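Below: one structure, written as structure tokens.
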């Protein structure tokens, strides 16, 4: 039965392990799919933004070529032609809201606005080219428009220089961030996903959803590496206190970071449902294993008990529950071999109830059976635990006394005889008086078999009967 329970528990532990492993594996797969989704989004957004910025550089180069191809002197027809060119650029590029051409001193030479041009020498998109000589395209921070209330913009500029590297002019494009929001609104985002365009310091250019609410806010510093960089992190969002997976990819060569995030709670919602089903299946399997193990163990225990019962019935007298004759003979031969090995004395007491036939005839067989049962009970109490007590025949009992010589066997027999004679162990089912006769023999080394010793004990018992019963007769064949 121990093996069955061991195997059953092993199966249960294996089931629990694989159930937990399956749930964990599924969780990893779900989060992996979510990460793959936001990674794809950031790569798409970065490529799209790179396309916009490359196109913007081409626009600046085209305007620069137009400026160089016209007369450098300022006169009205020239200015009108340049304005027409700039307005044509605006018409074909809806994400640009204004274009400016600055001279080396930061004054506006040409622009798409009306009225007197403002002074913008202090603006970053001029100062970085004038003072820091930033090469290539400059992308400014997101700003609230001073002209159109509620509009958010950022400036992109590029400087063109003389052959001696002195500043020639700066071309500036004012970009409407609402364009990117409307452009990206067509993307089908999964529940809980967000996309954003950020500065390396975490300033928001555009975000979907929550564009208007998040414009210009700083939500954390992510990437400081000036070259192209990708990273993925799991953080608790500052906005909603939810654990989010964030994929970040810097637009190559520009201070812009494209971000896409997913909400782990939403992503794992389906996983939790499927995990509950897997866990329920695992629990059902565990319950089934427990039931099968219990039923198998119980069946095995019942078989064992049945075998033990059959074995006990095979060696036990059904009436007195003492050892039967067969078991007594087997035990006697085993005790003889033990005595031979250890050199210890061994004695046998053969006891027969006196006048038992008259008890059956006078009081009935049921009373006779009760007498036998009470005599058996008395023998169990009077004999040692090491003694083997058996019902050897109808009213005949055999007691095997290991480690006991003839004198000791006589003393044990006398104790039993006296107890029966004085009826100290009960009234023997209402019978006035029950006595017994005893034949005692000690095994001798010359006897290889119990039968020889039994014959001597039986002769001694016969002599005790002839002497008047209720007495003990010792066999002194060997002294």
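Residue 160 satisfies every condition listed in (1) assigned to a loop (DSSP other than H, G, I, E, B); (2) in contact with a helix residue (DSSP H, G or I) (Cβ under 8 Å, 6 or more places away or on another chain) except (1).
With 419, 411 as the choices, which residue is at pLDDT 95 or above and either assigned to a helix (DSSP H, G or I) or not assigned by TED's automatic domain parsing to the domain that holds residue 360 (or both)? Steps first, please.
On the way: 419 fails: at pLDDT 95 or above.
Every option except 411 fails the conditions.
Looking only at segment 301-360, count how many residues are in a strand (DSSP E or B) and touching a residue at least 24 places away in the same chain (Cβ under 8 Å). Write out each step before concluding.
Filtering segment 301-360 down to residues in a strand (DSSP E or B) leaves 316, 323, 346-353.
Within this subset, residues satisfying the condition of being touching a residue at least 24 places away in the same chain (Cβ under 8 Å) are 323, 346-353.
Matching residues across segment 301-360 total 9.
In the set (1) at negative phi; (2) surrounded by 15 or more Cβ atoms within 10 Å (Cβ to Cβ), residue 106 fails one condition alone, (1). A single member of 219, 223 is at pLDDT below 70, under 39 Å from the mean Cα position of the chain (by Cα) and within 22 Å of residue 155 (Cβ to Cβ), and it is 223.
For every residue, the table says whether it meets (1) touching a strand residue (DSSP E or B) at 6+ places or on another chain (Cβ under 6 Å); (2) farther than 14 Å from residue 106 by Cβ.
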position	(1), (2)
120	no, no
124	no, no
142	yes, yes
146	no, yes
156	yes, yes
163	no, yes
174	yes, yes
181	yes, yes
185	no, yes
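With respect to the conditions (1) touching a strand residue (DSSP E or B) at 6+ places or on another chain (Cβ under 7 Å); (2) within 27 Å of residue 121 (Cα to Cα); (3) modelled with pLDDT of 80 or more, residue 236 lacks only one, and its number is (2).
Taking segment 389-408 as the range and being in a strand (DSSP E or B) and either under 16 Å from residue 438 (Cα atoms) or free of Cβ contacts under 8 Å to residues at least 40 places away in the same chain (or both) as the test, the residues that pass are 389, 390, 391, 396, 397, 398, 399, 400, 401.
So which of 186, 140, 192 ends up being surrounded by 16 or more Cβ atoms within 10 Å (Cβ to Cβ), within 30 Å of residue 239 (Cα to Cα) and outside the structural domain of residue 37 (by TED's automatic domain parsing)? Let's see the steps before the verdict.
Working: 186 fails: surrounded by 16 or more Cβ atoms within 10 Å (Cβ to Cβ); 140 fails: outside the structural domain of residue 37 (by TED's automatic domain parsing).
From the options 186, 140, 192, the qualifying one is 192.
Restricting attention to segment 368-383 and to residues that are surrounded by fewer than 20 Cβ atoms within 10 Å (Cβ to Cβ) and in contact with a strand residue (DSSP E or B) (Cβ under 8 Å, 6 or more places away or on another chain), the residue that is nearest to residue 346 (Cα to Cα) turns out to be 383.
Applying the criterion of being closer than 26 Å to residue 94 by Cα and surrounded by 18 or more Cβ atoms within 10 Å (Cβ to Cβ) to the residues of segment 17-51, the residue that is farthest from the chain's Cα centre (by Cα) is 49.
Exactly one residue among 98, 79 is in contact (Cβ under 8 Å) with a residue 40 or more places away in the chain and not in a loop (DSSP other than H, G, I, E, B), and that residue is 98.
The values are calculated or read from the model by the stated rules, or taken from the named source; none is laboratory data. Please read all numbers here as calculations on a predicted model, not as lab measurements. Heads up, the Cβs are rebuilt from the backbone with ideal geometry, glycines too, and the neighbour counts pull from every protein chain shown.
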